[in-house]
Amino acid sequence: MSDEKVTGPASYFPSIEKKYGQPIAHWMSELDKVADRKHMEQVAYLKDTFGIGHGHANALVGWFRQHRES
């Protein structure tokens, strides 16, 4: 077992899953639907469509963009 502390956007994932009742894979699938949009447009999509708070939406989009565009 690792004692490494998770940092960055992924540090929000446990609370996102708990609060919104969906695994992170679900949110990545939702972001696939708007992959052609700019960062803040993707954040707005999550906020407006699903009621996700700004910090959580921003963390999801940050992770999505970092891992989908590399």
Give the residues of the stretch 37-70 that are of a type in the set (D, E, K, R) and at pLDDT below 95, sorted by residue number.
-> Arg68, Glu69
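Please work out which residue is farthest from the chain's Cα centre (by Cα), limiting yourself to the stretch 35-70 and to residues that are in a loop (DSSP other than H, G, I, E, B) and under 17 Å from Gln22 (Cα atoms).
Step one: filter the stretch 35-70 for residues in a loop (DSSP other than H, G, I, E, B), giving 35-38, 51-53, 69-70.
Filter once more, so that each one left must be under 17 Å from Gln22 (Cα atoms): 51-53.
Numbers: Gly51: 13, Ile52: 10, Gly53: 11 Å.
In this case the residue turns out to be Gly51.
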The stretch 1-36: number of residues that are modelled with pLDDT under 95 and surrounded by 11 or more Cβ atoms within 10 Å (Cβ to Cβ) = 5
Go through the stretch 1-25 and give me each residue that's within 18 Å of Gln66 (Cβ to Cβ) and assigned to a helix (DSSP H, G or I).
-> Gly8, Pro9, Ala10, Ser11, Tyr12, Phe13, Ile16, Ile24, Ala25
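The values are calculated or read from the model by the stated rules, or taken from the named source; none is laboratory data. Keep in mind that this is a model prediction, so the values were computed, not measured. In this analysis, Cβ positions are derived from the backbone assuming ideal geometry, glycine residues included, and neighbour counts consider all displayed protein chains.
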